[in-house]
1. Compute the acute angle (0 to 90°) between the alpha-carbon long axis of helix 421-438 and the principal axis of greatest extent of the alpha-carbon atoms of the chain; round to the nearest 10°.
2. Over segment 189-333, what number does the Rg to Rh ratio reach, with both radii from the alpha-carbon atoms and Rh per Kirkwood?
3. State in Å² the accessible area per residue of the chain; use a 1.4 Å probe, count heavy atoms of protein chains only, and round to the nearest integer.
4. Using a 1.4 Å probe and ignoring any ligands, DNA or RNA, find the accessible area of residue 297 and quote it in Å² to the nearest 10.
5. When the C-alpha atoms of segment 51-128 are aligned to their principal axes, what extent does each axis show, in angstrom, from largest down?
6. Would you mind counting up the charge near residue 34? Only other residues with Cβ under 9 Å from its Cβ, with Lys and Arg at +1 and Asp and Glu at -1.
7. Calculated from DSSP H runs of 4 or more alone, at -39500 (n - 2.57) each and per residue, what is the 222 nm mean residue ellipticity of the chain, nearest 500?
8. Measure off, as a whole percent, the carbon and sulfur share of the 1.4 Å-probe accessible area of segment 198-341, all protein chains present.
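The values are calculated or read from the model by the stated rules, or taken from the named source; none is laboratory data. None of these values were measured; they are calculated from a predicted model. Here Cβ is always computed from backbone atoms with ideal geometry, including for glycine, and neighbour counts include all displayed protein chains. Note: areas computed on protein heavy atoms with side chains; ligands, DNA, RNA excluded. Shrake-Rupley method; radii C 1.70, N 1.55, O 1.52, S 1.80 Å.
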Amino acid sequence: MTLHPSRLAPVVLGLASLLIAPSAALAQSLDGYVLQKTAQHYAPGDPDVPFAAWVDAAGEPWGHAERGPVDSLRVFARTPDGVVWLGGPHGAARFDASATERWDRWQYFAGRRWLADDRVRQIVVQPHAPETVWIRTDAGVSRIAFRPMALEAMADSFDAVIEARHVRHGFVTRSKLLRAGDLASSVTSDDDNDGLWTAMYLAAQTYRYRVTGSSVARDRAERALRSLMRLETIDPIPGYYARTYRTLDEPAPHQDNGQWHRVPGERIEWKSDTSSDESVGHYYGYAIYFDLVAGESEKEEIRAYVRRLTDYLLDNDLNLIDVDGLPTRWGQWGEDYFATPEGDYERALRSLELLSFLKTTYHITGDPRYQEAYEEYVRRGYAHFALEYRRWGSQEWEINYSDDELYFLSIFPLLSYETDPVLRARYLESLRFTWAQVMPERNALWNYMAAALGAGPLTPRIAEESRMRLARTPLDLIEWRMTNSHRIDVRPNRSPDRHSQQELIYVLAPDERHVMKHNGNPYAADGGNGGTTEEAPTFWLLPYWMGRYYGL
């Protein structure tokens, strides 16, 4: 059973609020748009900077009952709409007393994404609408503008970013910057999860094609499909797929851990020790493309590829056997693995993944062998194990946001193809519970997937939070260091995350934290690498085009 928008209950959405709360007249003129924040930086003394931005002003002390994100703020400017701009030694802040949404009431500007440095000396409001301000710091001047932009225009911009700097052998992932913050120094390189990230890009372009009919989108989806297929044929084992590959003319591997193997007769090497991340990506990507794009000849190709992948697992006791004859580090789905301490923790997710692999293979090939294998592992308890996901109830178990990503990418095809009412009810129970756990993250992709699968309605509140998550994603995807642990308007979690990093108790707006994919911790207080990479915006394009496809 392939999900289609016509299967969904009608979704009624209220008027979506703008990124910031503008005047009523401006809101009416911008219906259908968001106000996207952009930043341009100027050297001290640049003639393009308004003279007023160079006039020293101490600013009046901030005397409002709300203290703001950081201490030592002083009022430097007010807009005609009553918005207050403040600055101090720890960055700038924008306060809109009329806004009730947390993300809009206080907005914080710090770090190289927004400012030349964080010691604010002056703020000048430019007399134009939408809002534009000039912020002078010790190191230079930054012009921050809130410009009207449709979400589809953001999609076009992000597509251009990917084509300019993020495609390597058809794979799509982040790029390195040889000079911090300098996009002209961008180079592509291998990534251990090239297959997973590219499968998600494939899905984004597939949905885009079905929404727009764009031949460009279809070509890009097919390009991604071919790169996934190449991962399975580049190594000598049918049904085994590489993490990635590189030519010997490319930069040295990003992790030279000795798991690279030369292709005989070619100046190419491929990486082994493939993980469950790649497995989930392959099945998810093949399923989406098969259902929504593939012609009959392509379907025959996909059937052959998926059959080889699944046969290799079934023939090796549910282990992904590497070239050394041993299971890969993270490629195990069998009951022997579940009997280990690590496997006991992994059992819920791995059970769901395996059932998804088998159900997807049966859907694509029509071969009853895979349905029979699926039913056998249901009898062995795998469908029951899947219900355990995120129900551990012990502080010893960690929250792994990469696992959440694998959960949603696995349950989407599984629930799309399952027709048995008892099993559907069981999987929906798992999805409803997991969705409730992750809902505070305001993740548009998880919200859209859950709604499309029938886990519950996309209420106006959840729909607006999802749209805000997309709207507040910065156009600047350089991984600047972003720090929020010093803020006084957020509360830290008592316990650190699984990497011993500080967490917050609620998620900040995406433009106030470091750029991350869906496998990143959205509660992380601090992060980023100082501007040495640019993230690929697949994490934005997939929920956007999926939301458009399902009418969400």
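1. 30 degrees
2. Working: Rg = 15.4 Å, Rh = 15.7 Å.
Rounded to two decimals, Rg over Rh is 0.98.
3. Working: 21730 Å² over 552 residues.
Per-residue value: 39 Å².
4. Accessible surface of residue 297 is approximately 90 Å².
5. That gives 34, 26, 25 Å along the principal axes, largest extent first.
6. Working: positive: 467, 472; negative: none.
Every neighbour counted, the sum reads +2.
7. On the way: 16 runs with 213 residues, N = 552.
After summing the helix terms and dividing by residue count, I get -12500 deg cm²/dmol.
8. Working: 2620 of 5560 Å².
Answer for segment 198-341 is 47 percent, counting heavy atoms of protein chains only.
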